[in-house]
1. Rounded to the nearest 0.05, what FRET efficiency do LEU84 and PHE10 have when you use their Cβ-Cβ distance and R0 = 35 Å?
2. Carbon-plus-sulfur fraction of the accessible area of the chain, 1.4 Å probe, in percent?
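The values are calculated or read from the model by the stated rules, or taken from the named source; none is laboratory data. Remember, it's a predicted structure, so these values are computed and weren't measured experimentally. Note that we place each Cβ from the backbone using ideal geometry, even for glycine, and neighbour counts take in every protein chain shown. Surface accessibility is based on the protein's heavy atoms, side chains included, excluding ligands, DNA and RNA. Shrake-Rupley method; radii C 1.70, N 1.55, O 1.52, S 1.80 Å.
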Amino acid sequence: MSERTYTEEFRVEGEKIIAKIKELLHEGNIRKVIIKDKDGKVLMEIPVTIGVVGVLIAPQLAALGAIAALLTEATVIVEKTETL
């Protein structure tokens, strides 16, 4: 079996970033989450190891909450895998 990796991009208002990331993590198959500001500057990159979503991601989400409070708009880029 082989895997295909692809990315999806979402434009999100600052205060809705954490809710969007939690929604995406719940869907599964995510390898990495990248948060960029409206100018395209990478603010945070979170690698997501399969099976390690809960407790280990919590500190990154707390930091992201602080960043989100300062943003009006951000881009969430999600790297996903799909088994073929």
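1. Step by step, r from the Cβ atoms, then E = 0.90.
2. Here it works out to 54 percent.
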